[in-house]
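Engineer: Okay, handing you the structure first.
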């Protein structure tokens with residue numbers, strides 16, 4: 001049974017061939033951006049790393065900045081509008097660019113520490 005609701009969508013972040021991590025997108029954080037991402041699922045792209053704090057992948061999602069901030073906690077999920085990237089925070093971080101908060105990783109975040117540049121991220125709805 002899915003625990004998704006109108007305000008919270010449970011997704012799977014898959015690191016192809018390595019791991020699957022539960023992830024919640026929370027509509028109350030940024031309703032327009034989360035709605036746009038949900039309508040674009042599934043999304044897939046090559047992993048990129050920004051230091052030791054952020055893993056991300058670029059998407060074709062086009063959504064402006066919404067409820068922006070620069071400080072994020074370990075496990076946060078954010079959207080970077082300038083590149084259409086979905087970002088996953090491995091550690092607490094202050095980022096130079098404004099990002100839109102969109103959710104939280106609820107599974108084993110440490111699996112992201114093994115991500116290498118070029119790995120494939122896929123994010124999709126949990127239908128189980």
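Engineer: Just give me the residues in segment 53-87 being in contact (Cβ under 8 Å) with a residue 60 or more places away in the chain and either in a loop (DSSP other than H, G, I, E, B) or in contact with a helix residue (DSSP H, G or I) (Cβ under 8 Å, 6 or more places away or on another chain) (or both), in sequence order.
Structural biologist: Across segment 53-87, the qualifying residue is only 55.
Engineer: Let me ask you something else. For segment 88-105, what are the residues that are part of a strand (DSSP E or B) and in contact with a helix residue (DSSP H, G or I) (Cβ under 7 Å, 6 or more places away or on another chain)? First the steps, then the outcome.
Structural biologist: First, the residues of segment 88-105 that are part of a strand (DSSP E or B): 88-89, 93-105.
Once the filter is applied, which keeps residues that are part of a strand (DSSP E or B) and in contact with a helix residue (DSSP H, G or I) (Cβ under 7 Å, 6 or more places away or on another chain), segment 88-105 yields 88, 100, 102.
Engineer: Looking at segment 74-101, which of its residues are closer than 19 Å to residue 113 by Cβ and over 13 Å from the mean Cα position of the chain (by Cα)?
Structural biologist: Correct list: 91, 92, 93, 95.
Engineer: Let me ask you something else. Take residue 106 and decide whether it is closer than 19 Å to residue 8 by Cα, surrounded by fewer than 19 Cβ atoms within 10 Å (Cβ to Cβ), within 13 Å of the chain's Cα centre (by Cα) and modelled with pLDDT under 95.
Structural biologist: Working: closer than 19 Å to residue 8 by Cα: yes; surrounded by fewer than 19 Cβ atoms within 10 Å (Cβ to Cβ): yes; within 13 Å of the chain's Cα centre (by Cα): yes; modelled with pLDDT under 95: yes.
Yes; evaluated as a whole, the condition is true for this residue.
Engineer: Could you list, ordered by first residue, the pairs with Cβ atoms under 6 Å in which the first is in segment 111-122 and on the phi > 0 side of the Ramachandran plot and assigned to a loop (DSSP other than H, G, I, E, B) and the second is surrounded by fewer than 16 Cβ atoms within 10 Å (Cβ to Cβ) and modelled with pLDDT of 90 or more, at least 6 apart or interchain?
Structural biologist: Going by the 6 Å Cβ cut-off, the qualifying pairs are 118/46.
Engineer: Sticking with this structure for a sec: It is to be established whether one or more residues within segment 32-52 are in contact with a helix residue (DSSP H, G or I) (Cβ under 6 Å, 6 or more places away or on another chain), surrounded by 18 or more Cβ atoms within 10 Å (Cβ to Cβ), assigned to a strand (DSSP E or B) and touching a residue at least 24 places away in the same chain (Cβ under 8 Å).
Structural biologist: The initial filter retains those residues of segment 32-52 that are in contact with a helix residue (DSSP H, G or I) (Cβ under 6 Å, 6 or more places away or on another chain), namely none.
No, that holds for no residue.
Engineer: A further question on this structure: Does residue 97 qualify as being touching a strand residue (DSSP E or B) at 6+ places or on another chain (Cβ under 8 Å) and within 23 Å of residue 127 (Cα to Cα)? Give the steps one after another, and end with the answer.
Structural biologist: Working: touching a strand residue (DSSP E or B) at 6+ places or on another chain (Cβ under 8 Å): yes; within 23 Å of residue 127 (Cα to Cα): no.
No.
Engineer: Restricting to segment 6-20, count the residues that are part of a strand (DSSP E or B) and farther than 17 Å from residue 79 by Cβ. So that I can check it myself, show each step before the final result.
Structural biologist: Residues of segment 6-20 that are part of a strand (DSSP E or B), as a first pass: 8-15, 19-20.
Filter once more, keeping what is farther than 17 Å from residue 79 by Cβ: 10, 12, 14-15, 19-20.
Qualifying residue count, segment 6-20: 6.
The values are calculated or read from the model by the stated rules, or taken from the named source; none is laboratory data. Quick caveat, the model's predicted, so the values are computed rather than measured. Cβ sites come from the backbone with ideal geometry, for glycine too, and all protein chains shown count toward neighbours.
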